[in-house]
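The values are calculated or read from the model by the stated rules, or taken from the named source; none is laboratory data. These numbers come from a predicted model, not from an experiment. For neighbour counting, all protein chains shown are included, and Cβ atoms are generated from backbone atoms with ideal geometry for every residue, glycine included.
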Amino acid sequence: MSSEAKYFIDQSKICLITNKFKILSEESRLRILYVLQDGEKTVSEIVEETGYLQANVSKQLKILLDANILSLRTEGKHHYYGISDTQLLTICHIICNSNKE
């Protein structure tokens, strides 16, 4: 590794990194993050914007919540999902721009 490298992988965090990338490797989860990047949304709004079935959206939201990638806020009868780990959006942006064609 170059002595000029700015970032180093912490060996004790390799499992954490692996798990985050596994979660991000599912297209439907990335599409949900895409929908949520501009702010909180309800399940109905996510279903409408992604075109996925409500059951699939709910399943993916649970996975993202359990991984602490999303947050959940309840207001009356409505549940609002938002991105709590915005650094993942930065990682996605870096990946998208790392190999410009």
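Conditions (1) at pLDDT below 95; (2) surrounded by 10 or more Cβ atoms within 10 Å (Cβ to Cβ); (3) not basic (Lys, Arg), marked per residue:
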residue	(1), (2), (3)
6	yes, no, no
36	no, yes, yes
49	no, yes, yes
53	no, yes, yes
70	no, yes, yes
85	yes, yes, yes
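With respect to the stated conditions, residue 41 fails to be touching a residue at least 60 places away in the same chain (Cβ under 8 Å) and either surrounded by 14 or more Cβ atoms within 10 Å (Cβ to Cβ) or touching a Ser or Thr at 6+ places or on another chain (Cβ under 8 Å) (or both).
Count of the stretch 49-87 residues, restricted to those that are out of contact with any His (no Cβ under 7 Å at 6 or more places or on another chain) and without any contact (Cβ under 8 Å) to a residue 24 or more places away in the chain, is 21. Does residue 28 count as in contact with a Phe, Trp or Tyr (Cβ under 8 Å, 6 or more places away or on another chain) and in contact (Cβ under 8 Å) with a residue 24 or more places away in the chain? Against the criterion (in contact with a Phe, Trp or Tyr (Cβ under 8 Å, 6 or more places away or on another chain) and in contact (Cβ under 8 Å) with a residue 24 or more places away in the chain), residue 28 qualifies.
Kindly state which helices (runs of 4 or more DSSP H) lie completely within the stretch 13-92 and contain at least 3 residues that are touching a strand residue (DSSP E or B) at 6+ places or on another chain (Cβ under 8 Å). Ranges flagged: 27-36, 43-50, 54-66. Among residues of the stretch 17-34 being closer than 15 Å to residue 91 by Cβ and of a type in the set (A, V, I, L, M), the one that is surrounded by the most Cβ atoms within 10 Å (Cβ to Cβ) is 33.
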